[in-house]
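Peer 1: Pasting in a structure now, in structure tokens, and then I'll have a few things to ask.
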């Protein structure tokens, strides 16, 4: 399936699955297989929280303390919203992920931290947050490094390569 088609699935799937009650079907299983192949098991276990119905339960500590932080760029409007990326984590065990590669939009009315504001990001993310590293194919390694540098810079762990 072309990359743009998978991106469309990624952007629309959570809302669609919630509205339709579409769970444990062939489409969701195929999506999970693709995620495991592309990102690895540990990252995928956490990413699947995003696609499942409430309650959102941490796959590690089994609590319902999942939080999501949107980063938005007002300079890049997308219809009635803006371009964005996100972090998702468990407040109990402080494990989390940043969004998979691709373009996302901040949901209408959703609060966000301005993309490129390290002070605001540092204030918004919990101290001690441990990101689960996805497996990336070599072709997307530069994008992964860019996201990791951003995260490290707001934690004071700048590692510029």
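Peer 1: Select from segment 119-141 the residues that are modelled with pLDDT of 80 or more and either surrounded by 13 or more Cβ atoms within 10 Å (Cβ to Cβ) or touching a strand residue (DSSP E or B) at 6+ places or on another chain (Cβ under 8 Å) (or both) and list them in ascending order. Walk me through how you get there before you give the answer.
Peer 2: Applying the first criterion (modelled with pLDDT of 80 or more) to segment 119-141 yields 119-134.
Matches in segment 119-141: 120, 121, 122, 124, 125, 126, 129, 130, 131, 132, 133, 134.
Peer 1: Out of curiosity, is residue 107 assigned to a strand (DSSP E or B), surrounded by fewer than 19 Cβ atoms within 10 Å (Cβ to Cβ) and touching a strand residue (DSSP E or B) at 6+ places or on another chain (Cβ under 9 Å)?
Peer 2: Details: assigned to a strand (DSSP E or B): no; surrounded by fewer than 19 Cβ atoms within 10 Å (Cβ to Cβ): yes; touching a strand residue (DSSP E or B) at 6+ places or on another chain (Cβ under 9 Å): yes.
So residue 107 fails the test.
Peer 1: For segment 50-85, give me each residue that is within 16 Å of residue 129 (Cβ to Cβ) and surrounded by 18 or more Cβ atoms within 10 Å (Cβ to Cβ).
Peer 2: Within segment 50-85, 58, 66, 69, 70, 71, 85 meet the criteria.
Peer 1: Something else now. Here is a list of conditions, (1) over 23 Å from residue 115 (Cα atoms); (2) part of a strand (DSSP E or B), and residue 54 meets all of them except one; can you say which number that is?
Peer 2: (2)
The values are calculated or read from the model by the stated rules, or taken from the named source; none is laboratory data. Keep in mind it's a predicted model, so treat the numbers as computed, not measured. Here Cβ is always computed from backbone atoms with ideal geometry, including for glycine, and neighbour counts include all displayed protein chains.
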